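S.K.: A single structure is presented below for examination.
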Amino acid sequence: MDSEPTHEGSCFCGQTSWKIVGKPILSAYCHCTLCQRLTSSAFIHTMHFPDSAFTWTHDPQIRTDVYSVLSKPWKNRHRCTNCGASVASYNAKKNTWSMWGGQLARDENGKIKDWDYLKPTAHIFYGTRMLDIEDQLGKWEGYENESNRIA
């Protein structure tokens with residue numbers, strides 16, 4: 001895995017940070033109602049990686065606020081204790097980590113580094129969308145290639 005690209009990210013204030021190695025298992029715009037409610041957004045860019053690809057990079061003495069929601073108790077979500085931004089989540093059922101694309105490191109022009117490598121390939125849970133998205137990406141009822149394709 002050492003020869004694969006490394007991608008970094010952090011919370012808004014930079015107190016908590018992480019790195020991921022390689023290509024995501026999933027990189028998609030998520031329109032599920034849980035993501036909508038947790039972020040107050042119509043959709044988010046989510047990326048899923050195997051547990052072995054994820055590492056916290058901030059000072060180990062800095063702790064995150066860990067919580068789960070009743071509907072998904074197997075998924076521990078981590079927030080920065082300083083700025084409150086969600087940083088990552090661990091899914092114990094799938095042994096994967098999820099990060100949001102908006103927290104990826106950016107270049108001097110504000111663009112996400114390695115965007116072509118990490119950009120979304122689909123819209124997931126599109127049936128509960130808050131707005132229609134006119135692009136060329138596939139739209140799925142659930143996860144990409146694991147549910148019915150809507151468009």
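The values are calculated or read from the model by the stated rules, or taken from the named source; none is laboratory data. What you see is a predicted model, and the numbers here were worked out from it, not measured in a lab. Glycine gets a Cβ as well: all are built from the backbone with ideal geometry, and neighbour counts include every protein chain shown. For the accessible areas, the whole protein counts, side chains as well, though only heavy atoms, and no ligand, DNA or RNA atoms are used. Shrake-Rupley method; radii C 1.70, N 1.55, O 1.52, S 1.80 Å.
S.K.: Would you report the distance distribution of C-alpha pairs in the range 1-53 as whole percents per 5 angstrom bin, up to the bin with the largest distance?
M.R.: 4, 17, 19, 21, 22, 11, 3, 1
S.K.: Please give every one of the lysines within straight-line cross-link reach of LYS72, meaning a C-alpha to C-alpha distance under 16 Å, and leave out same-chain neighbours fewer than 8 residues apart.
M.R.: Filter leaves LYS93, LYS94.
S.K.: Skipping prolines and chain starts, which residues have an amide H placed within reach, meaning under 5 Å, of the one on GLY138, given they are 5 or more residues away or on another chain?
M.R.: Excluding prolines and chain starts, which carry no amide H, the hits are HIS123.
S.K.: Send over the Kirkwood Rh of the chain, from the inverse of the averaged 1/r over different Cα pairs, rounded to one decimal Å. Before the final figure, lay out the partial values.
M.R.: Numbers: mean 1/r = 0.0624 Å⁻¹.
Result for the chain stands at 16.0 Å.
S.K.: Tally up the carbon and sulfur contribution to the accessible surface of the range 34-151 as a whole percent, 1.4 Å probe, everything protein left in place. Walk me through the intermediate numbers first.
M.R.: Details: 3290 of 7000 Å².
Roughly 47 percent, rounded to a whole number.
S.K.: Here is a further query. For the range 21-35, what does the Karplus curve 6.51 cos²θ - 1.76 cosθ + 1.60, with θ = phi - 60°, yield as ³J(HN,Hα) per residue in whole Hz, taken in order and with x for Gly and Pro?
M.R.: 10, x, 8, x, 5, 9, 9, 8, 8, 9, 10, 5, 5, 5, 4
S.K.: Could you work out the pair-distance distribution P(r) of the range 100-141 from its alpha-carbon pairs, with 10 angstrom bin width and percents rounded to whole numbers?
M.R.: Bin by bin from 0 Å, the calculated values are 24, 41, 30, 4.
S.K.: While we're looking at this one, here's another question. Can you list residues whose amide H is under 5 Å from THR55's amide H, if they're 5+ apart or on another chain and H is modeled 1.01 Å from N?
M.R.: Amide H to amide H, under 5 Å and 5 or more residues apart or across chains, THR55 pairs with LYS19.
S.K.: Step through the residues of the range 115-129 one at a time and calculate ³J(HN,Hα) from phi using the Karplus curve (6.51 cos²θ - 1.76 cosθ + 1.60, θ = phi - 60°), rounding each to whole Hz and writing x for Gly and Pro.
M.R.: Karplus-based 3J(HN,Hα) across the range 115-129 equals 3, 4, 7, 10, 4, x, 10, 6, 10, 10, 6, 5, x, 9, 4 Hz.
S.K.: While we're looking at this one, here's another question. For LYS139, which lysines qualify as cross-link partners when the Cα separation must be under 19 Å and same-chain residues fewer than eight apart are set aside?
M.R.: Within the straight-line limit of under 19 Å, LYS139 reaches these lysines: LYS119.
S.K.: Calculate for the chain the 222 nm mean residue ellipticity that helices alone would give, adding -39,500 (n - 2.57) per DSSP H run of length 4 or more and normalising by residue count, nearest 500 deg cm²/dmol.
M.R.: -1500 deg cm²/dmol
S.K.: In addition: Check which residues have an amide H placed less than 5 Å from THR16's amide H, if you skip close sequence neighbours.
M.R.: For THR16, whose amide H was placed from the backbone, the distant partners under 5 Å are CYS11.
S.K.: Can you pull out the trypsin sites (Lys or Arg not before Pro) in the range 1-108 that DSSP calls coil and that have at most 13 other Cβ atoms within 10 Å?
M.R.: ARG63, LYS93
S.K.: Leaving out ligands and nucleic acids, and using a 1.4 Å probe, what accessible area per residue does the range 1-43 come to in Å²? Spell out each step's value before the answer.
M.R.: Working: 2250 Å² over 43 residues.
Averaged over the residues of the range 1-43, the accessible area is 52 Å².
S.K.: Can you pull out the GluC sites (Glu not before Pro) in the range 67-151 that DSSP calls coil and that have at most 10 other Cβ atoms within 10 Å?
M.R.: The qualifying sites are GLU108, GLU134, GLU146.
S.K.: Could you tell me the center-to-center distance, by alpha carbons, between the range 133-151 and the range 75-93 in angstrom?
M.R.: A separation of 26 Å, based on Cα centres.
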